[in-house]
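A short reminder: the numbers here are calculations on the coordinates, not readings from a lab. Worth saying up front: this structure is predicted, and the values here are computed from it rather than measured. Cβ placement follows ideal geometry from the backbone for every residue including glycine, while neighbour counts extend to all protein chains displayed.
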Amino acid sequence: MQDALAEADNYLMANRNIKKGDLLPVLDLEAGIKTDDNYNAEWALTWCRVVEGETGARPIIYCAKWATDLYLRDARVELRAALATYPCWWASYNTGVEPKRPPRVWTEWNIWQWTGSGKTPGIKGKSDKNWCAGGQLENLRVK
């Protein structure tokens, strides 16, 4: 788990000024993950625990169904259950009022990224668009 510790340290060095009211730290679970699902889950848990221990803020895990299917699906049940205790930011590009392709590990979402092709005033090109579940924003800020 040395690489998880190194990545957590790198995150903490780059984000030294986390303050009250900021969005919680976010771990992006996508590319660069190994083929061992147990290792991947343990890696993510190690990163989250280190960052939470240093900042006092419980991280959000950002992921999509394709990533959890490829990298976490066969992890031990207790590892997936531990990951599911962290808030989840789901990427599911669909229309409607909720994500249609939820990641396998989580049963609830806190933030839903519904497109990567949005338009935002002041931003050139495409931008991500997200929706925060009702009443969740305050729970997703550093206390």
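Structure data summary
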item	result
Extension gain from ASP36 to ASP128, taking 0.36 nm per residue of separation minus the Cα-Cα distance	30.1 nm
Count of Lys pairs (Cα-Cα under 20 Å; at least 8 positions apart or interchain) in the chain	7
GNM top mover of ALA91, ALA81, ALA64 - the chain, alpha-carbon springs below 10 Å	ALA81
Separation of the THR85 and ASP69 label points, Cα + 7 Å toward Cβ, nm	2.9 nm
Listed residues VAL26, ALA8, VAL51: farthest to the positive end of the dipole of the chain (Cβ charges)	VAL26
Ranking of MET13, MET1 by count of other Cβ atoms within 10 Å, fewest first	MET13, MET1
The chain - Rg and Dmax from Cα coordinates, angstrom	15.3, 45
Over the stretch 2-140, relative contact order from alpha-carbon pairs under 8 Å, at least 6 apart, %	19 percent
Rough spin-label spacing in nm, given labels placed 7 Å along Cα→Cβ, for LEU137 and THR120	1.4 nm
Dipole magnitude of the chain, debye to nearest 20 (Cβ charges: Lys/Arg +1, Asp/Glu -1, about Cα centre)	620 debye
